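No value in this document is a laboratory result; all are computed from the given coordinates. Here the structure is a predicted model, which means the values were calculated and not measured. Here Cβ is always computed from backbone atoms with ideal geometry, including for glycine, and neighbour counts include all displayed protein chains.
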Amino acid sequence: MKFVVAVDCEGVACGVGSPGASLNSSRNLEFAKLQATREADAAVRGLFAAGAEQVIVWDNHGGSLNLNYDLLDERCDIALGVGFEHRFPGMDESYDGVALVGYHAMDNTVDGVMCHTFSSAAYQWIKINGREVGEMAIDAAVAGERGVPVIFASSDDKGTAEAECFFPGVVTVTTKQGMGWNCAVSKHPKRVVNEIYETIQNAVTKRNAIKPFAFSSPLTMEVRYKRLESAQSASRGFSGAERVDPYTVRRTLQSIQDYY
Ligand SMILES: [Zn+2]
């Protein structure tokens, strides 16, 4: 069995950022990166305990150089850095499942901690085929095109609810109760590590009941921008793009990969 642990940083225990700043310019960043490392390591150890033969940890927040690689279980491989041709570097159709660790709720979520879809500065929301989607669904669809299901997700309570809504049967760990963009009541980070190690083993047991996630093709993607001029340039920058209203641009994609 082979798995990918995809690791973001906003959804980890005791990650909240700080007002007026992205996580990347918050004094919470160093702790969030350390905790993302611990949570990824717990996922790796749990997957090997459940019988995995290969696990790739994919460091994907921001510039994809976040984790302390020395602290990860040495049986895993690590995908890091930017410039890959596709998301989920190294993963092909032979993989058995994806675990999303440290992920966050989509844009437009009440009290989701640092909730956004790719850019909180640029977008108000993204819809695919009429449904608002976040990074969890979009990444799951990329994995789904290779036939690989999301079997596990850890995030704040808004993020785990979103995962359960999009991926029926997914196994989740809630790291914290989101109470606003920059505030949460978090489980103790060490307790979350233990919970991920134990719970991800159930996800391996249940993986055959979970279908790969897919959007029906062709995909209609609508993006609502925060600024008029961004919508204007997007509507002129992509062939076939259509301006739905001053802030919103619609495109048709054959595959979710065309988004990148
Ligand atoms: Zn992130």
List, in order, the whole-Hz ³J(HN,Hα) value for each residue of the stretch 124-138 obtained from phi through the Karplus relation with A = 6.51, B = -1.76, C = 1.60 and θ = phi - 60°; use x for Gly and Pro.
8, 6, 10, 10, 10, 6, x, 10, 4, 10, x, 5, 4, 5, 5
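Treat every Asp and Glu Cβ in the stretch 217-260 as -1 and every Lys and Arg Cβ as +1, leave all other atoms uncharged, and give the resulting dipole magnitude about the Cα centre to the nearest 20 debye. Working shown, then result.
Values: 7 positive and 5 negative charges, 27 e Å.
Dipole about the Cα centre, nearest 20: 120 debye.
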Please name whichever of 65, 97, 50 sits farthest to the positive end of the charge dipole of the stretch 46-103, dipole taken about the Cα centre and charges placed at Cβ: Lys and Arg +1, Asp and Glu -1.
65
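What is the antiparallel percent of DSSP beta bridges lying wholly in the chain, to the nearest 5?
Working: 21 of 43 bridges.
So the antiparallel bridges in the chain amount to around 50 percent.
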What ranking, highest mean first, results for peptides 4-13, 183-192 when packing means the other Cβ atoms within 10 Å averaged over each residue?
4-13, 183-192
Only Lys, Arg (+1) and Asp, Glu (-1) charged, at Cβ; the chain dipole about Cα centre in debye:
480 debye
By average Cβ neighbour count within 10 Å, what is the ranking of 148-158, 241-251, 57-67 from highest down?
148-158, 57-67, 241-251
Which value does Rg/Rh take for the stretch 108-260 over its C-alpha atoms, Rh per Kirkwood?
1.02
The percentage of Cα-Cα pairs in the stretch 217-260 separated by more than 11 Å is 60 percent
Helix 157-166 vs. the chain, principal-axis angle (Cα, 0 to 90°, nearest 10)
70 degrees
Total formal charge among the other residues, if their Cβ is under 9 angstrom from that of residue 14, Lys/Arg +1 and Asp/Glu -1
+2
Along the Cα→Cβ direction, 7 angstrom out, place labels at residue 82 and residue 68. What is the inter-label distance in nm?
2.5 nm
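Report relative contact order for the stretch 217-260 in percent, whole number only (criteria: Cα-Cα under 8 Å, sequence separation at least 6). Spell out each step's value before the answer.
Numbers: 68 pairs, mean separation 20.6, N = 44.
After rounding, I find 47 percent.
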The stretch 17-32 - phi-based ³J(HN,Hα) in whole Hz, Karplus 6.51/-1.76/1.60, Gly and Pro as x
x, 8, x, x, 9, 6, 3, 5, 10, 9, 6, 7, 4, 4, 5, 4
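Just want to confirm a number: the relative contact order over the chain, from Cα pairs under 8 angstrom separated by 6+ residues, in percent.
Working: 611 pairs, mean separation 54.3, N = 260.
Reported relative contact order: 21 percent.
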Sequence-separation-based contact order of the stretch 116-194, relative, with Cα cut under 8 Å and 6+ spacing, percent:
18 percent
Dipole check, the stretch 219-260, charges on Cβ (K,R +1; D,E -1), about Cα centroid: among 247, 235, 259 the Cα furthest to the positive pole belongs to 247
Give the separation of the Cα centroids, the stretch 29-68 to the stretch 195-232, in Å.
19 Å
Report, by chain and number, residues whose modeled amide H sits under 5 Å from the one on residue 154, excluding near sequence neighbours (fewer than 5 apart, same chain).
100, 101, 102, 103, 173
Which aspartates and glutamates have a Cα less than 17 Å from the Cα of residue 187, not counting those fewer than 8 places away in the same chain?
10, 39, 111, 156, 157, 195, 198
Which far-off residues, 5 or more places away or on another chain, put their amide H under 5 Å from the one on residue 179, with H placed in the peptide plane?
184, 185
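Which ordering of 162, 135, 39, 195 is given by a fewest-first count of other beta-carbon atoms within 10 Å? Working shown, then result.
On the way: 162 27, 135 24, 39 30, 195 19.
Neighbour counts put them in this order, fewest first: 195, 135, 162, 39.
Can you check what the Kirkwood hydrodynamic radius comes to for the chain, Cα pairs only, in Å to one decimal?
Details: mean 1/r = 0.0545 Å⁻¹.
After inverting the mean inverse Cα-Cα distance, the result is 18.4 Å.
If we count other beta carbons within 10 Å of each Cβ, what is the order of 200, 256, fewest first? It would help to have the intermediate numbers written out before the result.
Working: 200 28, 256 25.
By the 10 Å Cβ count, ascending, the order reads 256, 200.
Efficiency by 1/(1 + (r/R0)^6): what FRET value for residue 92 and residue 122, r their Cβ-Cβ distance, R0 = 30 Å, to the nearest 0.05? Intermediate results must be reported in sequence, preceding the final value.
On the way: r = 31 Å, r/R0 = 1.05.
The formula returns an efficiency of 0.45 here.
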List the lysines whose Cα sits under 24 Å from the Cα of residue 190, skipping any in the same chain fewer than 8 residues away.
33, 158, 176
Scalar couplings 3J(HN,Hα) for the stretch 150-155 by Karplus 6.51 cos²θ - 1.76 cosθ + 1.60 (θ = phi - 60°), nearest whole Hz, x for Gly and Pro, are 7, 9, 8, 9, 10, 5
